[in-house]
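In what follows, a structure is listed as structure tokens, so that the remarks can point back to it.
The values are calculated or read from the model by the stated rules, or taken from the named source; none is laboratory data. Remember, it's a predicted structure, so these values are computed and weren't measured experimentally. When we count neighbours, we look across all protein chains shown, and the Cβ atoms used for this are built from the backbone with ideal geometry, even at glycine. Calculation scope for accessible area: heavy atoms of the full protein, side chains included, ligands and nucleic acids excluded. Shrake-Rupley method; radii C 1.70, N 1.55, O 1.52, S 1.80 Å.
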Amino acid sequence: MLTKKQKNKKEEHGKISEFPEPTRLQLTEQDYPDLKSQGLRPRILTRLTIVVFDNDFLIHYNKSEVVKNYDLLSIIPKTDKCLQAVLKSSFRFDIVSLHPDLIYGVKWQRKLYNECVEKYVHFELLYGPMIADRENRRKIISLAHSYKTAGKSRKIIISSGATSPIDLRCPSDVANLAFIYGLTENQGRDAVNKHCSDVNKSALGRKLGVYRVKVDRIGHVTVDESSSDDSEGMDTD
């Protein structure tokens, strides 16, 4: 005989999650010989991308345990008003990504762009759809120049968004696309290197949450006079 509480738990366990479990790849040492020779192992981050139409998804997001298993969190806002509503909420995310079909739904202004930057949000540009389709190429280049006008192309990351391995390119080739996006040479390098690392750091801080540090004095540290005299007597060139 199950109690009501046990019955509810059983029903919740049988329900399909609102969010899928992250995909885990099992690699062998033969898959990364160069890293293996250096005594290193690759780390593959998982990412959850949510298409946002309004704030109703927060009810399911806050109750989900699956989302905590993802490393990165990205949203695709349908409109700029939707993005503003998300920024004003307690919801925190790492990346703003725009699908080519939804690009014109968001009108970027300097205030909105700066608000995203202040919340450590990065802006994603995709090169895979540019290779596959001419219309997508026009839309993504237009989006990149909107980022340049609104926020001087700050906090930009470039990723593939590819659906086929043939559309993938090496980081140096991707960085060379910077001039098409209206980026400088340094911004192009940062978009495939530094900013990608910054996204991971921001995600770690988001998952850690707000915390406080208390510093107490536990004793008085005395400086050895002889060592200080020796350091003062050293000759410098």
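Between amide H atoms placed 1.01 Å from N, distances below 5 Å from V51 occur with I76, all of them 5 or more places distant or on a separate chain. Going by accessible surface with a 1.4 Å probe and the largest first, F179, F53, F91 read F179, F53, F91. Highest mean first, the peptides 125-135, 34-44, 63-73 sorted by other C-beta atoms within 10 Å per residue fall in the order 125-135, 63-73, 34-44. The residues of the stretch 75-192 expose on average 52 square angstrom of accessible surface per residue, using a 1.4 Å probe on protein heavy atoms. Report note on the peptides 202-208, 181-187: ranked by the mean count of other C-beta atoms within 10 Å, highest first, their order is 181-187, 202-208.
Amide hydrogen proximity for L72: with H placed 1.01 Å from N in the peptide plane, the residues at 5 or more positions away or on another chain lying under 5 Å are T46, R47, L48.
For H99, the accessible area of its heavy atoms, probed at 1.4 Å with every protein chain present, is near 90 square angstrom. Rounded to whole numbers, the Karplus 3J(HN,Hα) couplings from phi for the stretch 169-175 are 10, 6, x, 5, 5, 5, 4 Hz, using 6.51 cos²θ - 1.76 cosθ + 1.60 with θ = phi - 60°, and x at Gly and Pro. Rolling a 1.4 Å probe across all protein chains gives T163 an accessible area of roughly 140 Å². Tally up the carbon and sulfur contribution to the accessible surface of the stretch 28-83 as a whole percent, 1.4 Å probe, everything protein left in place. Whole-percent figure for carbon plus sulfur exposure: 51.
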